[in-house]
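Taking it in order: structure first as structure tokens, then the write-up.
The values are calculated or read from the model by the stated rules, or taken from the named source; none is laboratory data. Everything numeric in this text was worked out from a predicted model, so none of it was measured. Cβ: placed from backbone, ideal geometry, glycine included. Neighbour counts: every protein chain shown. These area figures cover heavy atoms from the full protein model, side chains too; ligands, DNA and RNA do not enter into them. Shrake-Rupley method; radii C 1.70, N 1.55, O 1.52, S 1.80 Å.
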Amino acid sequence: MADITMTRLHEWMVILYAFSLVFYFIDYLNKDKIAHRVAFWILIVVYTMQTTSLVLYIVETKRFPILSLFEGIYFYAWLLITVSILLHLFSKPSYMVFFLNVIGFIFMTIHTFASTQIKQSPIGDALISELLFIHITFAILSYVAFAISFVYAILYLLLYKILKKRKWSKQFVRLPSLQQTATGMKVGVIIGIPLLMISLILGTQWAHLVLSEWSFFDFKIISSFLILTLYILVLLAMHTGRLRGNNSAWANIFAFLFVIINFFLGSTLSGFHFWV
């Protein structure tokens, strides 16, 4: 029972940690104070859970958990969160906190779903299945975010055309403003990028655990990383002003078309993805 409880605790830590990264990403791109607070308090919850788990382990084993590789990984992840919280409290918000937590999340994921740990666990099969479930869930959530950005891009082009021709109708008053559609495009991409990044990290870990033979150069993996790179480039171009107006809308539309192609065609050409 204790093993199951600790496993569930670590799973929730990974999920909450992932959402904290999403909110930090939103904050550092848009200087959103609400997202900043939410990210920090979620991180505090993760840190409390991680510290509690660490203390209980020390009490149970009566030693400091650094004598094995996987114990060291967990302690390293805990130290990274500790440093990021201290930086958050005693210095101005910076990208340092976000990138530290990205590294911490990767190590936390490795520890939680480590192959040695799973083989020793009586619920190993369930844990692997849940890792796959979380991977798929975050991938789908990222697709939803990109779809929202796509819809706002279509609305932006539609509004621009209406405003240029000055042909008003009753339906026009029900449409968002041009500024709202531009913001919606950007927010969709901002949310989608970290969700897809987290999904790819978890998916790679799942493949390492489950598949005896798999290649990082599988079509689905390569295409997913290319989509992530494409959206990062689009976001950077929008953020720096290199993509504006209609150009940013068309960039989001074409990027989403690649998402659709990857969603359907990628699974067909992949060696081990069935539909994900």
* Structure fact -> Of the residues in the range 122-152 that are among the hydroxyl-bearing types (Ser, Thr, Tyr) and closer than 19 Å to ALA207 by Cα, the one that is modelled with the lowest pLDDT is SER129
* Give me the pairs, please: first residue somewhere in the range 225-250 and at negative phi and free of Cβ contacts under 8 Å to residues at least 12 places away in the same chain, second residue anywhere and surrounded by fewer than 14 Cβ atoms within 10 Å (Cβ to Cβ) and assigned to a loop (DSSP other than H, G, I, E, B), beta-carbon distance under 9 Å, and either six or more positions apart or on two chains. => LEU236/ARG242
* In the range 84-92, is there at least one residue being of a type in the set (Gly, Ala, Ser), at pLDDT 60 or above, within 30 Å of ILE261 (Cβ to Cβ) and buried (at least 20 other Cβ atoms within 10 Å of the Cβ)? -> no
* Asked: Which numbered condition trips up SER270, out of (1) touching an Asp or Glu at 6+ places or on another chain (Cβ under 6 Å); (2) at pLDDT 85 or above; (3) not aromatic (Phe, Trp, Tyr)?
  -> (2)
* Could you count how many residues in the range 229-258 are buried (at least 18 other Cβ atoms within 10 Å of the Cβ) and modelled with pLDDT of 85 or more? -> 10
* Cross-chain or 6+ apart pairs with Cβ under 8 Å, the range 16-42 first and under 19 Å from ILE232 (Cβ atoms), then open to solvent by less than 30 Å² (accessible area, probe 1.4 Å) and hydroxyl-bearing (Ser, Thr, Tyr) -> ALA35/TYR24
* To do: Tell me which residues, restricted to the range 39-69, are among the hydrophobic types (A, V, I, L, M, F, W, C), open to solvent by 50 Å² or more (accessible area, probe 1.4 Å) and either part of a loop (DSSP other than H, G, I, E, B) or at pLDDT 80 or above (or both).
  => TRP41, VAL45, VAL55, LEU56, ILE58, VAL59, PHE64, ILE66, LEU67
* Asked: Pick from LYS119, LYS164, LYS170, LYS186: which is modelled with pLDDT of 80 or more and of a type in the set (D, E, K, R)?
  -> LYS186
* Asked: When you look at VAL276, is it under 23 Å from LEU21 (Cβ atoms), assigned to a loop (DSSP other than H, G, I, E, B) and either at pLDDT below 85 or open to solvent by less than 30 Å² (accessible area, probe 1.4 Å) (or both), yes or no?
  -> yes
* Structure fact -> Apart from one, (1) within 16 Å of the chain's Cα centre (by Cα); (2) farther than 26 Å from LEU235 by Cα; (3) at pLDDT below 80 all hold for TRP12; the odd one out is (3)
